Amino acid sequence: MASVRRPWATGGVVALALTLAGCTTPAAVSPARSAPASSAASGSETPGPAGPGPAPSALPAGFGFRQLTRSLGPGAPVRLTVLSIAPDAHVRVTGVHGADLTRADTVRTLADRSGALAAINGTYFDIRTGHHHSGYEGDPIGLYAEHGRVLSEAVDGRPALLLGHTGGRPEARVAEVSTRGRLRAADGAVRELDGVNRVPGRILGCGGTGGDRLATTGRPQEKPFEGLCTDPDEVVSFAPEWGGDTPPGTAGSTEALLAADRTVLRLRTPAGGPLPEGGSALYGIGTGAAWLRAHAVPGTRMAVSERITDPAGLPLPGPVDTAVGGSARLLRAGAFDPAAATLLGPRREPRTVAAVTADGTLLLIAVDGRARHESVGATPAETARLALSLGAVDAVNLDGGGSTSAVLRGRLRNSPRDTEDGPVRERPVADGLVVLPGGPAG
C-alpha cells in the first residue's frame, strides 16, 4: 500500500493516535541494550537504548542519530529512534530494495549490501502472511522509485516521501501522488500501462489504472481500498530488477520480451518465464494480451513510460530520484491530518515515519511498540504529535508493525516485535531508505 521543515524541538508529555500492516518470517535478534546515543541535537528527553553493540562513533556532518523515550500518559512510555539528514549533510539518502523484487530482506541486510551508514524500512509490501499474498513478498504495495525509475506504481492519491534535487540542492517533501503509465507501439497504437512489477490482474490496495474491481464483489473500485482488486484486461511491465521469472500465465496471456533498448525480441504465449538478459517484458492478459499480439511486432521498438504525477495527472514540480509510498499523511503544514485516524485506526502500534522540518531536514523515525513496560507504540494522532515535537511540519506514515526497523552502522538500533511483548525480531521487508556516505549529489 502510503515531507518539509523546522529545527529540532524538545518536548515533554505527548498525548494522542495509529495501526499498520507487516510481513514475513522474521529473524530473531538480541534485544536492544542500553547505551548512549549520538546526535547533533540536544534535548531533555530520557535516552533510549542504542541497540546491540557500542555507541555509534562520530557521524558525518549534518547527519544525526538519537534515541529518546517520551510519555503518552501514565504507564505509556514510547521510544523513538530518529535519523536526521540536513539538506547540506555529507551523506545521501536513497531507496534500496532486496536482492530482487520477488524476495524480501531485513533492513540490516539492505544496509549492509548497499554500504549504508544507516537505514530504515520503507513501503508496505506483499507480505507472506497477508490474506491476498501473490507469492512475491519483495513486491512493494504502492509507489516505489529508485534513481528516477518507477519500480512499483502508486496506489492512486496516497502520500509518499519524494527525494530529489532542485538547483543542485537535495530536497525532501511529502506529497499525494499517482502514476500514469503509457505504451506506444511502432505503428502508433497507444495503450495505458496498468502496473509495474506485479502479478497481472491482481491489484493489492486497489486504486490502480482503469478497470479495477473488488475481488469480493466485482464492484468497480477507483479509490484505494484495504484489500484486493482484480482486472482481467491489463498490461504490466517487468523490469530487470524483478530478478526472477515472470508469473506463470493462463492460456490466453501474452508477453512481449524486450531488449534493453525496448526492441521487441519475440512474443511468448502463454506468458511467464525468464526475462531477456538486461531486458524487460510487457505482460498482457485479456484485451491487454490481444493488444500486444496486434501491435508488439518483433524487430520494432516499443515506447514505455511510467510517470509520477499529482492525483490529477499533472506533472510534479521538480525531479524525483527516490519515492517511497505510504498509507496516510500524518502532518500537513504542521497540522494533524484527521484522515489518518480513519485510514489507520485507533490502536497504538509500532510506526515508521518519514517527515520534513521547516528548514528541509529529513527525519526518519522508528516508533517502537508492543512492549508494555518499554514502548507501547502510538496512534496516528500521537505519532503526528511526536513528529511535530521533533520539528516536523509534514509527515507520512510508512509500513510499521513488525516491519519497523532502524539500523545504524550495521546494528539494529530499535526493538521490532511481531506480537505484544513478543521477542525482538528482524522482519524481512521489500525495501528501505538508506543513508549513504558522501555529499549530496547535484
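The values are calculated or read from the model by the stated rules, or taken from the named source; none is laboratory data. Keep in mind that what you see is a predicted model, and the values were worked out from it rather than measured. As a convention, Cβ positions derive from the backbone with ideal geometry for all residues, glycine included, and neighbour counts pool all protein chains shown. Calculation scope for accessible area: heavy atoms of the full protein, side chains included, ligands and nucleic acids excluded. Shrake-Rupley method; radii C 1.70, N 1.55, O 1.52, S 1.80 Å.
The table below lists the values:
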| item | result |
| --- | --- |
| Selection from region 99-127 of residues that are assigned to a strand (DSSP E or B) and open to solvent by less than 20 Å² (accessible area, probe 1.4 Å) | 118, 119, 120, 121, 125 |
| Region 330-339, residues that are assigned to a strand (DSSP E or B) and surrounded by fewer than 24 Cβ atoms within 10 Å (Cβ to Cβ) | 332, 335, 336 |
| Unmet criterion (only one of (1) at pLDDT 95 or above; (2) farther than 21 Å from residue 212 by Cβ) for residue 288 | (2) |
| Subset of region 214-244 that is in a strand (DSSP E or B) and among the β-branched types (Val, Ile, Thr) - its residue that is modelled with the lowest pLDDT | 230 |
| Matching residues, region 357-371, being of a type in the set (D, E, K, R) and open to solvent by 10 Å² or more (accessible area, probe 1.4 Å) | 359, 370 |
| Residue that is surrounded by the fewest Cβ atoms within 10 Å (Cβ to Cβ), among those in region 297-325 that are in a strand (DSSP E or B) and over 22 Å from the mean Cα position of the chain (by Cα) | 303 |
| Region 181-213: number of residues that are open to solvent by less than 30 Å² (accessible area, probe 1.4 Å), touching a Pro at 6+ places or on another chain (Cβ under 8 Å) and in a strand (DSSP E or B) | 2 |
| Residue that is in a helix (DSSP H, G or I) and either acidic (Asp, Glu) or surrounded by 14 or more Cβ atoms within 10 Å (Cβ to Cβ) (or both), where the choices are 289, 281, 294, 354 | 289 |
| Restricting region 247-271 to residues that are part of a strand (DSSP E or B) and touching a Lys or Arg at 6+ places or on another chain (Cβ under 9 Å), the residue that is surrounded by the most Cβ atoms within 10 Å (Cβ to Cβ) | 256 |
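Quick grid of which residues meet (1) touching a Gly at 6+ places or on another chain (Cβ under 7 Å); (2) closer than 24 Å to residue 368 by Cα; (3) at pLDDT below 95; (4) of a type in the set (Val, Ile, Thr):
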{"site": "137", "(1), (2), (3), (4)": "no, yes, yes, no"}
{"site": "149", "(1), (2), (3), (4)": "no, no, no, no"}
{"site": "159", "(1), (2), (3), (4)": "yes, yes, no, no"}
{"site": "169", "(1), (2), (3), (4)": "no, no, yes, no"}
{"site": "177", "(1), (2), (3), (4)": "no, no, no, yes"}
